[in-house]
Each structure stands twice: as structure tokens, then as C-alpha cells.
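Undergrad: Let me begin by handing over the structure; questions about it come next.
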Amino acid sequence: MKKLDPAVLIPQAILGAGMSLDYLAVTGAEFVRDGLAEDVAMLADGRLRLRCIVVDPGSPYIPVTEHRPPIDADLQGRAVSQLEEWGWEVRLSHVPPSRNCLIVDEQLAVLSVDSWFVGDRMPAHVTESPASVASFLAHFDRVWDASSADTSRNNQPLYECLLQTSEPKESANLITASQSYWGPIIRKMASNPDLMHTLDDRVFEEFVAELLTRDGLNVQLTQRTRDGGYDILACADTVVGAHLYLVECKRNSPDRPVGVGVVRMINGVLESQRATAAMVVTTSRFTEPAVAFAATTQHRLHLRDFAELQEWIIRHAYA
């Protein structure tokens, strides 16, 4: 994974495409408004197949929060019409992607493409790994087939996250932001650890994954909708073999300690998965029963509370 130079690499990829361009869009309106849809259509060879999956504004599966207001159905409808005018085939999905993604042929995938136009709120990244690109494309095709070609309605809701389930399964490498993106965030958290309580749960998981990556492990986030007892897989290759670690993240408020139930659960998953060890990371603390239970599983179960998390962050902030 490498940091994308948007002014060069995206146009080059589009101009070099030979078969298709597939795009997962948070909303069709953003895709149109930010200019990407038109620019891609203008740069692309007229013989290419252009496919775009956008959010169905009437979906009951889209959570409405202060950071994600309701999708304007009229605006989305006009955007879809504009996309079709520019040569895009459009289908609707009930579940929004966690990040925008452009897939070029079977050769390249660009994540968070929207940052090309709307600033640095998320870093854009490109992967040319054949296994990774194939994984993204395979999932796009599954979502495309399950979505509705009639953009006025979608009769097949998708009960999975568009992009998180596409993360490559062939390797343990997590697609994460660049060092330049995470570096300032880690330093900011080191100087003001309470900011961790303001993070979205998924962002906190990605943050912990980045810390693990900086410790030399290969990491992979599980699917956002997964309920398997852990959020991150971390793999370490050593002279005595490969070791697999399960990591569960709990972004709890300070007055909400993690109880023994969570610790027992991940210990059970640890045994069933036959992994090397497991860790629970929290922005809070652990109850006494939780600490006592973990003590009975020496070397196999580690609890990292808010104080230890701060130490971990500080170590990487000034490394």
C-alpha cells in the first residue's frame, strides 16, 4: 500500500484502463458534486464499462447521526440521472460503503477517492496487489448482482458492509492510512488521551490496528458487522513460526468498565480459533473479576486499559 499522488496516479490509472471502471460511492450526489464522475467519464476510453453503486436513499439500514444526515432522495435521484447521462451504469444498495473505492480493471484499487477533490479528511491509497484487487472486484460484483438495476427501487437489501467485507482475505495486511496521516493523530492523542473517547468505534479499531502495525505486526480488521468476539487479527512471523493474535477493542467511557463477560468471551474465541493469544484494549478500565479471570490464563490473554493504552500511544508518538 502506498500513498496516492492524486494529481498523477488516478488519471494515469483511468487512462490506462482497458476493460472497466467500478466505483463504490457513499452517495451519488457526492460523486457528481465533487466532479469525480464526470472527470472519470471524460478520461476513460469510450469502450470501457463504467459501473457505479450508490446508496438507496430509502434504505432502512442507514443509521442517521449528526455526522450522517438523511440522504436527500431528490438530490440522489438527480445525481443518478446525471451519472447515467455521462455513461455510468448505476445500481442502488441498501448499505453505504465505509469508504469510496475505485477499481480499475483487475489491476488497481484506489480507496477514499473522494479525498482527491474534497481535501485531506481521508488519505487516498492505491493497491496493485493482484490478490487485493481481485478481492475488491469480486465483492463489487456480488453487490452489483444483488443490487437493483432499476434505480427507482431496490428489492434486495444487502445485510453486509460494502467495503469492509471486501478487504483482502488472501493476506493478513490491513489497508490503513499512511504514516503521514496517522502520525499527527497519534501525537495528538498522546498529548490529550481523552480525545480517544470522542472517536467512532470503527475509527478506534483502525487506530489500534495502526499501533499494532507500528509494532511490526501484520493486521486485518474484521468486518464491521461481524460479531465473532474480536475486531482485529494480528499476525507475527517469527523464527519459531507464525503467531496469530485476536484483539477486541472497547471504546468505553471512563465510568463504564469492561466486565468479566467480555474477557470470558474472547478467551472462548481464543480457544476455538486455536490462536496464539488475545488482547482486549479499552479506553476505560477492567473490573476486578475481569482482571482476576485474565490472570488465570497467563501468557495467553492480556488486558490493556486506558493507562496502558496511553503508554502505548506515547511510545509511538515520539518514536
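The values are calculated or read from the model by the stated rules, or taken from the named source; none is laboratory data. Keep in mind the model is a prediction, meaning the values are calculated, not measured. Cβ atoms come from the backbone with ideal geometry, glycine included; neighbour counts cover every protein chain shown.
Undergrad: Can you run down the residue pairs with Cβ atoms below 6 Å, 6 or more apart or on separate chains, where the first is in the stretch 200-220 and assigned by TED's automatic domain parsing to the domain that holds Cys235 and the partner is modelled with pLDDT under 85 and polar (S, T, N, Q)?
TA: Glu210/Thr176; Asn218/Asn173
Undergrad: Okay, moving on. Any residue at all in the stretch 225-243 that's among the small types (Gly, Ala, Ser), surrounded by 13 or more Cβ atoms within 10 Å (Cβ to Cβ) and at positive phi?
TA: Checking the stretch 225-243: at least one residue is among the small types (Gly, Ala, Ser), surrounded by 13 or more Cβ atoms within 10 Å (Cβ to Cβ) and at positive phi.
Undergrad: Just for the stretch 228-256: of the residues that are in a loop (DSSP other than H, G, I, E, B), in contact with a strand residue (DSSP E or B) (Cβ under 6 Å, 6 or more places away or on another chain) and at pLDDT 85 or above, which one is farthest from Val208 (Cα to Cα)?
TA: So the residue we want is Asn252.
Undergrad: Looking at the stretch 99-110, I want the residues that are assigned by TED's automatic domain parsing to the domain that holds Ala17 and modelled with pLDDT under 75 and have a partner that is of a type outside the set (A, V, I, L, M) and in a loop (DSSP other than H, G, I, E, B) with Cβ atoms under 8 Å, at least 6 apart or on another chain. Which pairs are those?
TA: Close Cβ pairs satisfying both conditions: Arg99/Ser112; Asn100/Ser112; Asn100/Asp114.
Undergrad: Please go through the stretch 257-273 and give me each residue that is outside any helix (DSSP H, G or I) and within 26 Å of the chain's Cα centre (by Cα), ordered by number.
TA: Result: Val258, single match.
Undergrad: Return a yes/no flag: does the stretch 57-65 have any residue that is in contact with a His (Cβ under 6 Å, 6 or more places away or on another chain), at pLDDT below 80, surrounded by fewer than 23 Cβ atoms within 10 Å (Cβ to Cβ) and within 23 Å of Asp145 (Cα to Cα).
TA: There is at least one residue in the stretch 57-65 that is in contact with a His (Cβ under 6 Å, 6 or more places away or on another chain), at pLDDT below 80, surrounded by fewer than 23 Cβ atoms within 10 Å (Cβ to Cβ) and within 23 Å of Asp145 (Cα to Cα).
Undergrad: Follow-up. Filter the stretch 277-291 for residues that are in contact (Cβ under 8 Å) with a residue 12 or more places away in the chain and over 25 Å from the mean Cα position of the chain (by Cα); which is surrounded by the fewest Cβ atoms within 10 Å (Cβ to Cβ)? Before the answer, list the steps.
TA: Pass one, the stretch 277-291, residues in contact (Cβ under 8 Å) with a residue 12 or more places away in the chain: 277-287, 289-291.
This time we only want the ones that are over 25 Å from the mean Cα position of the chain (by Cα), so: 285-287, 289-291.
Working: Arg285: 18, Phe286: 23, Thr287: 16, Pro289: 13, Ala290: 22, Val291: 15.
Ranking the qualifying residues of the stretch 277-291, first place goes to Pro289.
Undergrad: Which condition number does Thr297 fail, the rest of (1) touching a residue at least 40 places away in the same chain (Cβ under 8 Å); (2) assigned to a loop (DSSP other than H, G, I, E, B); (3) of a type in the set (Val, Ile, Thr) being met?
TA: It fails just one condition, (1).
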